[in-house]
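Student: One structure, pasted below without further comment.
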Amino acid sequence: MKRTTQSQYQSMVDFMERHGDLSKPTREPNGRLYNLQKWSELADLLNWDPTGDDRTPEKWRKVWRDLKNNTKRKAARLNRGAQRKGGGPALQDQLSAIELRVLQQRQGLSMYIISSFFWRLFEKGQSKHLSF
């Protein structure tokens with residue numbers, strides 16, 4: 001089973017912050033070609049990391065898609081837990097710095113939503129579930 005290392009995730013998120021989310025189509029005339037070239041460039045960068053496994057650009061696309069989907073699901077679960085009233089065990093899960101950056105990448109997810117999510121955690125005394 002192939003494992004993506006933290007340094008590869010870090011490099012992937014850095015790349016996406018610089019070049020935009022490559023999973024979203026571009027509106028440029030050569031947008032598809034640009035997108036394919038950037039995925040190839042990203043794959044080369046990530047495969048250069050000696051601590052992780054090598055993958056094709058298509059496999060790295062799946063890693064990025066899975067990271068985004070898993071992060072979105074985790075944030076929603078934490079958000080639901082922060083909104084709950086009454087007793088019950090505190091959530092043991094937390095968002096990593098990389099996951100926070102992935103959430104910021106998502107188009108349509110405004111800083112207001114992100115900040116209100118953290119404020120609710122803070123109000124409930126669950127800010128310990130965030131890691132930086």
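Student: Just to check I understand the Karplus step: with θ = phi - 60° and J = 6.51 cos²θ - 1.76 cosθ + 1.60, what whole-Hz values come out for segment 93-105, glycine and proline as x?
Tutor: Working through the residues one at a time gives 6, 8, 8, 7, 4, 5, 5, 4, 5, 5, 4, 5, 5 Hz.
Student: Further question on the same structure: Per 0.36 nm of contour for each residue apart, how much would the distance between residue 7 and residue 40 grow if the chain were fully extended, relative to their Cα-Cα spacing?
Tutor: Result: 10.1 nm gained on full extension.
Student: Please report 101, 32 as a ranked list, fewest other C-beta atoms within 10 angstrom at the top and most at the bottom.
Tutor: By the 10 Å Cβ count, ascending: 32, 101.
Student: Length gain on complete extension for the stretch residue 14 to residue 93, per 0.36 nm per residue less the alpha carbon to alpha carbon distance?
Tutor: 26.1 nm
Student: At 0.36 nm per residue, and after removing the present C-alpha to C-alpha distance, how many nm does the segment from residue 58 to residue 106 gain when stretched out fully?
Tutor: 15.2 nm
Student: Related question: Give me a comma-separated list of calculated 3J(HN,Hα) values for segment 43-51, in order, Karplus coefficients 6.51, -1.76, 1.60 applied at θ = phi - 60°, integers in Hz, x for any Gly or Pro.
Tutor: For segment 43-51, the Karplus-derived couplings read 4, 4, 4, 6, 6, 5, 5, x, 7 Hz, x marking Gly and Pro.
All of the numbers you see were taken from the coordinates with simple rules; none came from a lab. None of the values given here were measured: they were computed from a predicted structure. Neighbour counts run over all protein chains shown; Cβ positions are idealised from the backbone, glycine included.
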